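Notes to accompany the following structure.
Please treat every number below as a calculation from the coordinates, not as lab data. As the structure is a prediction and not an experimental result, all values here were calculated from the model. Cβ sites come from the backbone with ideal geometry, for glycine too, and all protein chains shown count toward neighbours.
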Amino acid sequence: MHDFIKALIQKNGPIDIGQFMSLALGHPQLGYYMKQDPFGANGDFTTAPEISQMFGEMIAAWILEVWQQMGTPSPFTLLECGPGRGTLMVDIMRSLKNVPGFHDAAQVHLMEISPVLKQMQGAALASYNPKWHVNLETVPDQPMIVIANEFLDALPVRQLIKSEKGWDERLVTLAGEEFGYTTRPLPIDIGVVAKVGDIFEISPVRSGFVADLVKKMSKNSEGAALLIDYGHAHSGFGDTLQAIKDHKYVSPLEFVGDADLTTHVDFEAVRKAAEGAGAQVTDPVEQGAWLRTIGIQHRADTLKAKANEAQKFDIEKALQRLTDSSQMGSLFKVIGITNGANINLPGF
Ligand code: SAH
């Protein structure tokens, strides 16, 4: 990956952070997600569905209520974007298996670019006959419920830096054999008031995806989406590009293609993109608060009632990890999007 990007820069000049992220994560052979299973103790990071089944069970409760509010359409598309190992969808389908009509109605669709993860998803979800997509275009036109956990953070972001004269764009270039940063003046004014040195991140790809999702939902009479990720409720300044390898932060310019590369999600920008496409959008809510509103404490108590001491400890630890402000509870946000006038999204 390093040599590929190096040759590209030598040939065409510096590349923007978005191009760098797209290549590092998604290059068909060399990209990070194309080569490996990144999750768990032996991987680079752990996500909420991998921590506890309770996470998926809360999302299942949300899906069920939304489906009922939609008038229990059958069939409908249950789409997950970036499903990782498929764990979240497995937990959702398992916990709704006794709901009359749900399994018959729900058609499982997965949006995924990684061949390695696609294979794992296929194994985990074989009994639900999932269909895969690389973009939204091929997803069938029918009522849909969409979920995505830690998907938006992987979409490419560009970084703009306020200069004396206007705005510069941060680029990746070569500093000898290594990668380094440089800048190039941006030919347009982005209309954001800032002081010299402030970094503002924009993600045309992420905003475009959200707008396309809303357009897709609108084609299909009714739809709702639940997007969960780390990030901030309001647009702000700062460099949030981060690389994680073996559960530790590393420089984004090192281990390219062998470390996860993400940014924090600007939920205000997500909201504007969805509203701009005609959807109703909830305020972003902290993950801890959202899980508690849906009922995670009650679920933890029920599980603990049937558990031995070691299991009780694990359940409590997972609950803390998902909801505590010092862990995932505050940094992670949940936002709901719908085009259905009569849908009142639970948990917000
Ligand atoms: N939701 C899972 C995985 C999160 S990691 C969990 O919570 O465990 C990000 C996921 O998004 C991976 O499955 C990755 O392969 C996928 N992904 C990243 N970029 C993508 C893109 N542009 N299109 C589709 N899937 C993508």
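Taking the chain as a Gaussian network, where each spring joins two C-alpha atoms under 10 Å apart, which residue of Arg158, Arg184, Arg206 fluctuates the most? Top of the fluctuation ranking is Arg184.
Among Pro49, Pro140, Pro14, the largest mean-square fluctuation in a Gaussian network model of the chain, built with springs joining Cα atoms closer than 10 Å, belongs to Pro140.
Under a model in which nothing but the beta-carbon of Lys, Arg (+1) and Asp, Glu (-1) is charged, the chain shows a dipole of about 440 debye around its Cα centre. Here the calculated FRET efficiency for Val116 and Lys6, from their Cβ-Cβ distance with R0 = 22 Å, stands at 0.30, rounded to the nearest 0.05. Think of each Lys and Arg Cβ as +1 and each Asp and Glu Cβ as -1; about the Cα centre, that makes the dipole of region 230-323 roughly 480 debye.
Centre-to-centre, using Cα atoms only, region 273-348 and region 100-116 are separated by 21 Å.
Going down the table (Lys97/Lys306; Lys97/Lys304; Lys165/Lys272; Lys35/Lys245), which pairs top 24 Å between alpha carbons? In this structure, Lys165/Lys272 exceed 24 Å between Cα atoms.
Straight-line cross-link reach from Lys162 at under 16 Å between alpha-carbon atoms covers these lysines, not counting any fewer than eight positions away in the same chain: Lys195.
Extents of region 161-235, taken as max minus min of Cα coordinates on every principal axis and listed largest first, are 52, 34, 24 Å. The residue among Ser127, Gly84, Val66 whose Cα reaches farthest toward the positive pole of the charge dipole of region 63-192, with charges on the beta-carbon of Lys, Arg, Asp and Glu, is Ser127. The GNM of the chain, with springs linking C-alpha atoms under 10 angstrom apart, assigns the highest mean-square fluctuation among Gly223, Gly257, Gly13 to Gly13.
The packing ranking, built from the mean of other Cβ atoms within 10 Å per residue, places the peptides 80-93, 262-275, 23-36 in the order 80-93, 262-275, 23-36, highest first. For the chain, pairs of C-alpha atoms spaced more than 35 angstrom apart make up 24 percent of the total. Taking every DSSP bridge with both residues inside the chain, close to 60 percent are antiparallel. The listed peptides 242-251, 186-195, ordered by packing as a protection proxy, come out as 242-251, 186-195 (highest mean of other Cβ atoms within 10 Å first).
Distance from the Cα centroid of region 138-182 to that of region 216-249 is 12 Å (rounded to whole angstrom).
Work out the FRET efficiency for Thr182 and Lys248 from their Cβ-Cβ distance, taking R0 = 25 Å, and round it to the nearest 0.05. With R0 = 25 Å, the Cβ-Cβ based efficiency is 0.40.
Here region 127-272 is treated with +1 on each Lys and Arg Cβ and -1 on each Asp and Glu Cβ, and its dipole about the Cα centre works out to around 460 debye.
Applying 1/(1 + (r/R0)^6) with R0 = 22 Å to the Cβ-Cβ distance of Leu174 and Val205 gives a FRET efficiency near 0.35.
Scattering from region 189-348 was approximated by placing one identical point on each alpha carbon and applying the Debye formula without solvent; log10 I(q)/I(0) at 0.12, 0.14, 0.17 1/Å stands at -0.70, -0.90, -1.12. Rounded to the nearest Hz, the phi-derived 3J(HN,Hα) couplings of region 39-46 under the Karplus curve 6.51 cos²θ - 1.76 cosθ + 1.60 (θ = phi - 60°) are 9, x, 4, 8, x, 9, 7, 10, where x marks glycine and proline. Of all DSSP beta bridges located in region 195-301, what percent are antiparallel, nearest 5? Taking every DSSP beta bridge with both residues in region 195-301, the antiparallel ones total about 75 percent.
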